[in-house]
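To keep things clear, I will list the structure first and then write my remarks on it.
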Amino acid sequence: KQRKTKAAKEAENEAWQQILAEDGIIEGCDDEDGDVVDDTGELSQLTGKPTPQDVILCAVPVCAPYSVLSQYKYRVKLTPGAVKRGKASKQCVEMFLHSENDKKKSDDVGTKRDNDLIKLVNENEWVQAIIGDVRITSAGASKVAKKQKGNKGKSK
């Protein structure tokens, strides 16, 4: 198998650029940065604090510094501790699902939709988003932990 020459590689690259431009995937550019696609439009659609007018398609678990998440609707504070990732992710989901139920339900439809989307997130995605060996230090975290311990004792 022979290696391609520089001219052959450039010709193949130009052919692909032309095909992609014809299909409308990228706009044809003559400058050297023609293969760069601007993804900022997609990123601007992500939000941590949706408004009632927003159409929410899915939920994405993220792990970031707590100060960054201060404007997010659903957040928990994770600090170093002894709780494993799987158990911590289950506690977080329980907190998210029951935190809105304890407060006034000003937007029932939005809360139900949020809860449905939180339930749709795969458990593996929650576990992968959380750092290992943590302690949840948010409002209501101790209630959820006690509730899970109580359910564990009843099931035996």
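Observations, loosely collected:
- FRET efficiency, 1/(1 + (r/R0)^6) with R0 35 Å, evaluated for THR40 and GLN18 via beta carbons: 0.90
- Ordered by solvent-accessible area of protein heavy atoms (1.4 Å probe), largest first, the residues LEU20, LEU46, LEU69, LEU57 come out as LEU57, LEU46, LEU20, LEU69.
The values are calculated or read from the model by the stated rules, or taken from the named source; none is laboratory data. Just so it is clear, the structure is predicted and the values come from calculations on it, not from any experiment. Glycine also receives a Cβ, built like all others from the backbone with ideal geometry; neighbour counts cover every protein chain displayed. Surface areas here come from the heavy atoms of the whole protein model, side chains and all, with no ligands, DNA or RNA. Shrake-Rupley method; radii C 1.70, N 1.55, O 1.52, S 1.80 Å.
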